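Report on the following structure.
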Amino acid sequence: HTKHFQTLFLRPRVCFCDSPGLVCPKLKAPTALQVLFGSYRIAQVREPYSVVRMVGEHAVPPLHQAYGLEAEGGAVWSPWSVCEALARKRGFLTKGARPETHRAANMILRDVLNGRRVVLSFLPP
């Protein structure tokens, strides 16, 4: 099945477009939603923390519980802090021993897209 928006040029002026479901890219749907529905590639997302925020707002169970993360000093969870804690837990560290939050964010997004660990729950319109 189609996981991402794809194009194939059949002729110089004829382009075949294939998308997953009914979500059309860049047409009134927020980019974060397009990422979660698979019509925008995770690898093309420059700033994944806003998408992680949307996941956190709609995740069942909450992200920190799904990944078994514990807040340092009872801090409030933010997309950055979830990604930082997950990076530390998984050993995603740079050469300078700083957590690779971008890599952890992409892992969360891939897990959501593939239906692992986290289920998204949206209220009906």
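Which residue out of Ala71, Ala85 is in contact with a strand residue (DSSP E or B) (Cβ under 9 Å, 6 or more places away or on another chain) and aliphatic (A, V, I, L, M)? Can you show your working first?
Values: Ala71 fails: in contact with a strand residue (DSSP E or B) (Cβ under 9 Å, 6 or more places away or on another chain).
Selected residue: Ala85, the only one of Ala71, Ala85 that is in contact with a strand residue (DSSP E or B) (Cβ under 9 Å, 6 or more places away or on another chain) and aliphatic (A, V, I, L, M).
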Scanning segment 30-55 for residues that are open to solvent by 30 Å² or more (accessible area, probe 1.4 Å) and at pLDDT below 90, the one nearest to Ala104 (Cα to Cα) turns out to be Ala43
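Mind counting the residues in segment 56-95 that are of a type in the set (A, V, I, L, M), open to solvent by 50 Å² or more (accessible area, probe 1.4 Å) and either under 17 Å from Leu36 (Cα atoms) or not in a loop (DSSP other than H, G, I, E, B) (or both)? I'd like the intermediate steps shown before the answer.
Residues of segment 56-95 of a type in the set (A, V, I, L, M): 59-60, 63, 66, 69, 71, 75-76, 82, 85-87, 93.
In the following step, the residues that additionally are open to solvent by 50 Å² or more (accessible area, probe 1.4 Å) were identified as 60, 75-76, 93.
Now drop any that are not either under 17 Å from Leu36 (Cα atoms) or not in a loop (DSSP other than H, G, I, E, B) (or both), which leaves 60, 93.
Counting residues in segment 56-95 that are of a type in the set (A, V, I, L, M), open to solvent by 50 Å² or more (accessible area, probe 1.4 Å) and either under 17 Å from Leu36 (Cα atoms) or not in a loop (DSSP other than H, G, I, E, B) (or both) gives 2.
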Name every residue in segment 78-125 that is among the basic types (Lys, Arg) and touching a Phe, Trp or Tyr at 6+ places or on another chain (Cβ under 8 Å), in order of residue number. Lys89, Arg103, Arg117
When you check Phe9 against the structure, is it over 23 Å from Ser121 (Cβ atoms), of a type in the set (A, V, I, L, M, F, W, C), touching a Leu at 6+ places or on another chain (Cβ under 8 Å) and open to solvent by 80 Å² or more (accessible area, probe 1.4 Å), yes or no? no
Considering residues of segment 96-116 that are open to solvent by 70 Å² or more (accessible area, probe 1.4 Å) and at pLDDT 90 or above only, the residue farthest from Pro48 (Cα to Cα): Arg98
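The values are calculated or read from the model by the stated rules, or taken from the named source; none is laboratory data. Just so it is clear, the model here is predicted, and its values are computed rather than measured. Please note: Cβ atoms are built from the backbone with ideal geometry, for glycine as well, and neighbour counts cover all protein chains shown. To get the accessible areas, we keep the full protein, side chains included, count just its heavy atoms, and leave off ligands, DNA and RNA. Shrake-Rupley method; radii C 1.70, N 1.55, O 1.52, S 1.80 Å.
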